[in-house]
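The values are calculated or read from the model by the stated rules, or taken from the named source; none is laboratory data. It should be emphasised that the depicted structure is a prediction, and the values quoted were computed from it without experimental measurement. Counting neighbours? That spans all protein chains shown, and the Cβs are built from the backbone with ideal geometry, glycine included.
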Amino acid sequence: MTNEQIAGMFEQLADLLEIQGANPFRIRAYRSAARTIKSTADSFAALVEQSADLTQFSGIGKDLANQVAEVVTSGTHPKLDELRQEVPSGVVDMLRIPGVGPKKVAVFFKTLNLTTLDELKAAATAGKLSELKGFGKKIEQSILDNIDQAAEAGQRVSISVARPSAEVIVDDLLKLDEVTQASVAGSCRRRKETCGDLDVLVTSSDHGVPMDALADHPLVESVLQRGETKQRVRLSSGIELDLRVVPDESFGAALQYFTGSKEHNVVVRQRAKDRGLKVNEYGVFRDDEQIAGATEEDVYAAVDLPWIPPELRENRGEIQAAESDSLPELLTIEQIKGDLHMHTTASDGAGSILEMAEAAKARGLKYIAITDHSKRVSMANGLDADRLRSHWDDVRQANEQLKGIELLCGVECDILEDATMDLDDDVLSEADWVVAVLHYGLRQPRDQIMKRLMCAVTNPHVNIIGHPTGRLVGRRDGADVHMTELLKAAADNGVMMEINAHPKRLDLDEINAAAARDLGIPIVISTDSHSVNGFDVLEYGVDQARRAGLGKGDVANTRTWAQFRKLLK
DNA sequence: GCCGTTTTCGGCCCGACTGTTTTCAGTCG
């Protein structure tokens, strides 16, 4: 049972309790525990086996600790099963309709006995919803307008899709004479892997101007809401965007507020309260007097904290670090000197060795490793020993020709389903750099997955585990990796860990990357480029590292190759 | 349901927008 699964059960429980009208703070407790479990690197299943004290984790008390133990040992949750009996899953699906929350869902279920989205749609079409007390024609129509999207609603989009749109809109709003400041906020500013929607903030002498400009923007499909200070639109890409217009003296407070995360802000506001202050999106107030708010720095200073980088604002220790003046100096993309994972036409890449090298050099990289696939990946034209040796000859020859960049002979070697390496040790021993990866058999049981990873970690020639879990963001869970065990073995055997920068992978995630760093494992951020444009994704890997709190010293490919190779076993 | 050393009870962040109301509830972020 993975942390994700345990957290998922608590989240379902919270949804069901909400529809039943349970105590909102009890519901919050379940959500908060789910969040803690999801954002912990250690496996709760393993912790239960070791009889560890789970109440050491924030938001998990005696009762929830028992529930976790029960879930892990029995695989089921009696209270959840009971609630599922009482509330059909189709009722929970109704929560995905924008504008429909637990209270309305409860009315649909309890008074009209509607149990699926289809039944709800039929009832709305027949005009039955508007006959309910507290409901009218507008709500009914809004449900009809949105119900077909309910299946897609709530789905998050990749940061690589969301962020470019938001930045174009911010740039265009900044061109308006009436707009003085503008910024992306929300999860996009925190550089999360995915965004549920976009938040954009502007200050303007005239509220109407930026709102009109947004409504007419080529990326915008329709306006969903418009008030005095807030406008919600849908982009043609399907992403929804909130625009907020605030006065200049409130820009910092609004930016802080709308950047979130919610959990981070709760702590900031509690600190304000403890100091007799109130923080809202308009500023920091003592009684009715505004004492801060023009800049984010002022807001944090008002609660006795230094400015905290948005990537860290998740209430995962950054407040304590800020308090003790030990916030990390986060990695920047300019500090990356080499890229150690990429493909060429020798396997499934689109660029030649020289094309990839020139493109890397043009981006300021000083060294790259050519790491084409090994033979098991036949679909990608993976290389056997003979082809690989001949390919390395070409790499060495290219290295002779090129000035200003160093080329390394590498390979992305599969860890086979039977826990052996796809290439023999004598071949691997000739490589400058060996990336070991799982591609096939990701659904194998944990024991076999771990056997395979241990085979790679203990191999004397393997330098790094690439995309360690094999997950695809929002599409496929990774293999059932016992991460704590893997990281410990990697640390013991001098094996590094990759943050694969491709926005579909971002693997390790920020939780596990931080856990690796804590064990002193050098992290390498790699693009896994399959073409000369593939290097573009580096920024997403850097963002992931920043969210993990990594600095220059934690990331090995900030070093020159001469320094880097001293880290190799 | 969690949390805490001023508390083991009584708190738990705050405001905008919408739609349905004649002053507020629900939803959202």
Can we say A:Ala106 is crowded, with 19+ Cβ neighbours inside 10 Å and either part of a helix (DSSP H, G or I) or not β-branched (Val, Ile, Thr) (or both)? no
Scope segment A:271-286; condition more than 8 Å from DNA strand B (Cβ to nearest atom) and either aliphatic (A, V, I, L, M) or in contact with a Cys (Cβ under 9 Å, 6 or more places away or on another chain) (or both); matching residues: A:Leu277, A:Val284
Picked from segment A:73-88 (must be farther than 14 Å from A:Ala14 by Cα and outside any helix (DSSP H, G or I)), the residue farthest from DNA strand B (Cβ to nearest atom) is A:Gly75
Consider A:Glu70 against the criteria (1) surrounded by fewer than 17 Cβ atoms within 10 Å (Cβ to Cβ); (2) under 30 Å from A:Arg244 (Cβ atoms); (3) within 15 Å of DNA strand B (Cβ to nearest atom): it satisfies all of them except one. Which criterion is unmet? (2)
Might you let me know whether segment A:188-207 holds any residue that is assigned to a helix (DSSP H, G or I) and either over 22 Å from A:Asn146 (Cβ atoms) or touching a Lys or Arg at 6+ places or on another chain (Cβ under 6 Å) (or both)? yes
Check segment A:192-210 and report whether any residue there is surrounded by fewer than 16 Cβ atoms within 10 Å (Cβ to Cβ), more than 24 Å from A:Ile308 (Cα to Cα), free of Cβ contacts under 8 Å to residues at least 24 places away in the same chain and out of contact with any helix residue (DSSP H, G or I) (no Cβ under 6 Å at 6 or more places or on another chain). yes
Name every residue in segment A:343-388 that is hydrophobic (A, V, I, L, M, F, W, C) and assigned to a helix (DSSP H, G or I), in order of residue number. A:Ile353, A:Leu354, A:Met356, A:Ala357, A:Ala359, A:Ala360, A:Ala362, A:Met379, A:Ala380, A:Ala385, A:Leu388
Of the residues in segment A:252-282, those that are closer than 25 Å to A:Asp197 by Cβ, of a type in the set (Gly, Ala, Ser) and in contact with a helix residue (DSSP H, G or I) (Cβ under 8 Å, 6 or more places away or on another chain) come to A:Gly252, A:Ala253, A:Gly260, A:Ser261
All conditions in (1) within 19 Å of A:Gly238 (Cβ to Cβ); (2) modelled with pLDDT under 90 are true of A:Lys133 except (1)
For segment A:45-62, which residues satisfy the criterion of being part of a helix (DSSP H, G or I) and surrounded by 12 or more Cβ atoms within 10 Å (Cβ to Cβ)? A:Ala45, A:Ala46, A:Leu47, A:Val48, A:Glu49, A:Leu54, A:Thr55
Looking at segment A:317-342 only, could you name the residues that are closer than 30 Å to A:Ala362 by Cβ, in a loop (DSSP other than H, G, I, E, B) and of a type in the set (D, E, K, R)? A:Glu329, A:Lys337
Can you pull out every residue in segment A:5-44 that is surrounded by 21 or more Cβ atoms within 10 Å (Cβ to Cβ) and aromatic (Phe, Trp, Tyr)? A:Phe10, A:Tyr30, A:Phe44
Does A:Asp145 count as under 33 Å from the mean Cα position of the chain (by Cα), in a helix (DSSP H, G or I), within 12 Å of DNA strand B (Cβ to nearest atom) and surrounded by fewer than 17 Cβ atoms within 10 Å (Cβ to Cβ)? yes
Read through the list (1) away from DNA strand B (no atom under 11 Å from the Cβ); (2) under 26 Å from A:His264 (Cα atoms); (3) in a helix (DSSP H, G or I), then give the number of the only condition that A:Arg28 fails. (1)
What residue, of A:Val91, A:Val100, A:Val105, is near DNA strand B (Cβ under 7 Å from one of its atoms), among the hydrophobic types (A, V, I, L, M, F, W, C) and over 28 Å from the mean Cα position of the chain (by Cα)? A:Val105
Kindly establish whether A:Gly21 is at positive phi and either touching a residue at least 60 places away in the same chain (Cβ under 8 Å) or in a helix (DSSP H, G or I) (or both). yes
Select from segment A:164-187 the residues that are closer than 15 Å to A:Arg313 by Cα and in a helix (DSSP H, G or I) and write down the one among them that is nearest to DNA strand B (Cβ to nearest atom). A:Gly186
So which of A:Glu140, A:Glu119 ends up being in a helix (DSSP H, G or I), of a type in the set (D, E, K, R) and within 12 Å of DNA strand B (Cβ to nearest atom)? A:Glu140
Those residues that are within 10 Å of DNA strand B (Cβ to nearest atom) and over 30 Å from A:Val209 (Cα atoms), I need them from segment A:252-270; list them, please. A:Glu263, A:Val266, A:Val267, A:Val268, A:Arg269, A:Gln270
Every listed condition ((1) closer than 20 Å to A:Glu539 by Cβ; (2) among the charged types (D, E, K, R); (3) surrounded by fewer than 24 Cβ atoms within 10 Å (Cβ to Cβ)) holds for A:Arg475 save (1)
Of the listed residues (A:Glu249, A:Glu289, A:Glu297, A:Glu228), the one being more than 8 Å from DNA strand B (Cβ to nearest atom), out of contact with any helix residue (DSSP H, G or I) (no Cβ under 9 Å at 6 or more places or on another chain), farther than 23 Å from A:Gly196 by Cα and touching a residue at least 12 places away in the same chain (Cβ under 8 Å) is A:Glu249
